[in-house]
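Worksheet: one structure, shown below.
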Amino acid sequence: MPTFGQRTATQIIESVASNAPGETLDLTKNASFCMKSLENTIALSEALKKNTVIKTLVLRECEITDAGAEALGQALAENQTIEDLDLQQNHLSNAGVISLANGLRSNRSVKTLNLMTQNHKLSEDALEGFINMFQSNVTLTKLMWKVDSRRAWELSKLITRNVEIAHRARTGGDADSLAPRPAPTPVPAPVKAVKTVTAEVEKGSAYKAEQPKAAPGASPPVAPVAPVTSPCPSAGLMSVRGQGPLDLQRCRCQPVAAGSGRSPAPSRGDFRQLPDAAWATIHQGFQ
C-alpha cells in the first residue's frame, strides 16, 4: 500500500537504472508514478533494459496504456532477469497486449504474467499474438487474463508444453524434444523450365532471322508446293502464304470422260487469288 513520504517516481527509476539492491519493485497505485504514467513507464522501461537485480515487478493500477505497454515490451525483449510481471487493473487493449507478447518472443526469464481486469476487452487478436509468441518462447508458464475466444485451448496447450519443458530442465530430462522448431526455409521454385522456354524462343528468333528476305520491290518467296496425289493437281497444293490447303470447293475441275482420272486444265480465273508462280505449278500439272 502507498505510504506517506514514499520516494518519487524519479528517485525509484534512478535506483532501478543503477541496479540498486532489491529483487522486488512494487509500484501499486503509486501516486507519483501515476501522475505522469506514460512518461514514467517509458523511463522505467529504459532503466529495466540494463537492470539485473529485479525479479518481481508489480505495476498494478498504474494507469498504464498501450503506449506504455509498448515500452515495457521493448524492455522485456532485453531484460533477462524479471520472472514475475503484474500489470493488473490498467488500461491495456489488444494492441498493448500484443506489444507485450512481441517483447516476450525473445525473453527467457518471465514465468508469470498477470493481465487481469483491464479497462478494455481482450479478444482474438490478443490471443493470436500470444500464440505466435509461444513459437519461440519456452519459459512463460503462467498467464492470467480474460479473453473471449474459442481458441483458448490452443494457448493452454502451449503453456502446458512450457511447463513440461521447465520440469524436464529441472530434472535433467530431454527438454529439447519439446522445444518449438523453426519454420522450414521455403525452397525456391526451379528455373530450368523458364530457361528452356527462353532457349526455344531464342531458337525460333534465330530461325526467323535465317529466312531469306525479298529485295525491295520483288515478290515474296513462294512456299514449296506439296506433291500432287489427287486427280485434281490443286487438291494437294498448299497456300503460298501459309493459310492451309486450298478450298477444293472452288476448284471446278470435272473429268473429261468417265474413268479417265484426269480433269480439264483449269482457267486462270479459277485461281485468280494465287500468285503467278503458284498458278504456273498448277497449270503444269495438267500438261
Long pairs among Lys29/Lys50; Lys111/Lys157; Lys50/Lys157; Lys29/Lys55; Lys49/Lys146; Lys55/Lys121, criterion Cα-Cα beyond 26 Å: Lys50/Lys157; Lys49/Lys146; Lys55/Lys121
All Cα pairs of region 35-92, percent lying beyond 13 Å: 57 percent
Packing rank of 33-43, 140-150, where each peptide gets the mean count of other beta carbons within 10 Å, highest leading: 33-43, 140-150
Distance in nm between pseudo-label sites at Met144 and Glu124 (7 Å out along the Cβ direction from Cα): 2.9 nm
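Taking 0.36 nm per residue of separation and subtracting the Cα-Cα distance, what length does fully extending Thr10 through Thr56 add? Intermediate values should be presented prior to the final figure.
Details: separation 46, 0.36 × 46 = 16.56 nm, distance 1.93 nm.
Difference between extended and current length: 14.6 nm.
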Mean Cβ neighbour count within 10 Å, used as a protection proxy, ranking 80-87, 69-76 highest first: 69-76, 80-87
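Using the Cα gyration tensor of region 1-108, with a ≥ b ≥ c the square roots of its eigenvalues, what is the shape: rounded (a/c below 1.5), prolate (a/b larger than b/c) or oblate (neither)? Walk me through the numbers on the way to the answer.
Working: a/c = 1.76, a/b = 1.16, b/c = 1.51.
Judged from the Cα gyration tensor, region 1-108 comes out oblate (a/c at least 1.5, b/c at or above a/b).
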Selection of trypsin sites (Lys or Arg not before Pro), region 63-126, meeting DSSP coil and at most 14 other Cβ within 10 Å: Arg108, Lys121
Ordering of 170-181, 21-32 by burial proxy (mean other Cβ atoms within 10 Å per residue, highest first): 21-32, 170-181
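Values in this text are rule-based calculations from the coordinates and carry no lab data. Quantities reported herein were computed from a predicted structural model and do not represent experimental measurements. Note that we place each Cβ from the backbone using ideal geometry, even for glycine, and neighbour counts take in every protein chain shown.
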